[in-house]
Amino acid sequence: MTNVLLRVLPMRYVVVTMAFFGFVINYMLRNNLNLAIVAMVNHTAVNSSGAAGSQTDGPFVWDEKIVALILGSFYYGYICTQVVGGRCAEISSVKYIYGLSLLTAGCLTFLIPTVSYWDYRALVAIRISMGFVLGVGFPSGYALLRAWAPPNERSTVVSLAISASNIGTAITMPLASAIINAISWEAVFYIQGSFALVWFVFWLLLVYNAPEEHPFITAEERDFIMTAIGSERSTRRLPLPWKEVLTSPPVWSLVVANFCNNWGFYTLLNDLPQYFSNVLGKDISSNAIFTSLPFLVTFIFAMAYGAFSDYLRKNNLMSINNIRRMAQFVSQTVVAVTLVCIAFLGEHETLVEVLLFIGIGLIGAGYTGWQSVPVDMAPNYSGTLYGISNTFGSIPGFLAPLVVGALTEGHETLDRWRYCFLLPAAFMVFDTIIFFVFGSSEEQAWNRKYYNTEDEDNKVGGRGSVNLEGLEKGSLDGVTKKGSLVKELEKKNSSSEEAFGIDNAGFVAPPDEHKGENSTQGQ
């Protein structure tokens, strides 16, 4: 019975699902304040914008600058632990690094109502602390995915796990609104903070650092994953080639992509509630529902686009570089066009709403674009690479709200908000150009700089293993049929190289499968 269940739901899907829910809660904890603060502020006492919003006044007299500081403070801590989190996850236990970061953030969330009544600066300190512990989340998530995501499933797996942030956003706003209306704004933080505690229990039971460590995985699935990933990933703790990483143009194209994408994303994410409340005059309930739905569209589009990209790669219809570039164009340049349209059509409320849905939805293609590149070009260091890029990508998290606050302070008008949309549009076009010129999804030579050739040849997926690139990755039946070949090849050692053709990546395949196979597949 257990074997049947494992074949229906392989362990790699269990691990990715747990990572998915982890990212959902991650974004829930970081974003619940974005909506709750609308109910926390006494807008009548502040009365700085003269906006015609219909929200109920809260207990705190915080003006636009204080609100912008509170909303952006999370990223002051978040920016500090990106590289450290990614690197620690590569050389230590990603299971505990990721798990404990979310558990700690949940505990800090419980403190928000109490410290808010003390002083807004105490709330800022808590939010900085939450950013500090959650900063390891996404880099360590990449370090986990490098061990569990076969190349031909990579776009879908990364899209599922990382785009969970959009589900977190979509769930947070209506849930927070319902809790505020039914109980109080304080209850938002108590209820959502408890989600992290429940998730942590299941995380400890179901998630392990790599297939070779998981006690519940079948031998067939373990061999399938390790063979498919092959020598891209070392099972040893490798030193980081800092010089090669910091002088690599593709790495810096990731930095630009992360910064520019996030400026647009964080502007929409952090300031949409304020925009709809203060400019469009929507009440808090419709505000929460409307501003959450586009992020659900983003998730759906990300999953569909990821599956489409894996189809292109699996059938060798497009090179991996062009797959990533096409995704980047859709998620950046096309979105920039929608932002420009929004900037000049602000008085047409319905049209603006439609454009926001389209723009935020199309951002989902980015999970197949630049967000998948770290695992493509250097799986051994994917956590560190994402940490480096996300360090710079975190800057818009606190800078964009400050810019919006400065532009709109005392002047919540469509003219002022126009600049808030045009600026991220310009960044996104620039990002696309840089990515097309300098970006690359090909495995970088320094990914294997510290490999011990003899050790790598002897491991599953190294030289002397079967090339499963052409198999349907969702099926373990094919792996079962190939299992005997793996064992046979391990016995034959070098003599098997004459009987089985060797491709450029160091994998081998039986003559009937190797014949006519494209040796540049996935490049």
message: Being within 15 Å of Arg154 (Cβ to Cβ), open to solvent by 10 Å² or more (accessible area, probe 1.4 Å), touching a residue at least 40 places away in the same chain (Cβ under 8 Å) and in a helix (DSSP H, G or I) is the filter here; which residues of the range 311-338 pass it?
response: Arg313, Lys314, Asn321
- request: Kindly check whether there is at least one residue in the range 349-363 that is touching a Lys or Arg at 6+ places or on another chain (Cβ under 9 Å) and either open to solvent by 30 Å² or more (accessible area, probe 1.4 Å) or not in a helix (DSSP H, G or I) (or both).
  value: no
- line: Only one of (1) assigned to a helix (DSSP H, G or I); (2) surrounded by fewer than 24 Cβ atoms within 10 Å (Cβ to Cβ); (3) among the small types (Gly, Ala, Ser) does not apply to Ser440, and that is (1)
message: Please go through (1) farther than 17 Å from Gln444 by Cα; (2) open to solvent by 10 Å² or more (accessible area, probe 1.4 Å) for Gln371 and return the number of the only condition it doesn't satisfy.
response: (1)
field: Among (1) aliphatic (A, V, I, L, M); (2) more than 16 Å from the chain's Cα centre (by Cα); (3) buried (at least 17 other Cβ atoms within 10 Å of the Cβ); (4) modelled with pLDDT of 80 or more, the one test that Ile91 misses
entry: (3)
- prompt: Taking only pairs six or more apart or across chains, which ones have beta-carbon atoms under 8 Å, a first residue in the range 425-440 that is within 13 Å of Arg325 (Cα to Cα), and a second residue that is open to solvent by less than 10 Å² (accessible area, probe 1.4 Å) and not in a helix (DSSP H, G or I)?
  reply: Phe435/Gly369
- prompt: Looking at the range 137-180, which of the residues that are charged (D, E, K, R) and open to solvent by 10 Å² or more (accessible area, probe 1.4 Å) is farthest from the chain's Cα centre (by Cα)?
  reply: Glu153
- prompt: Is it the case that the range 186-207 has a residue that's open to solvent by 30 Å² or more (accessible area, probe 1.4 Å), in contact with a helix residue (DSSP H, G or I) (Cβ under 6 Å, 6 or more places away or on another chain) and of a type in the set (Asp, Glu)?
  reply: yes
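The values are calculated or read from the model by the stated rules, or taken from the named source; none is laboratory data. Please read these numbers as outputs of a predicted model, since none were measured by experiment. Ideal geometry is used to build each Cβ from the backbone, glycine not excepted, and the neighbour counts take in all protein chains shown. Remember, those area values only see protein heavy atoms, side chains included, never the ligands or the DNA or RNA. Shrake-Rupley method; radii C 1.70, N 1.55, O 1.52, S 1.80 Å.
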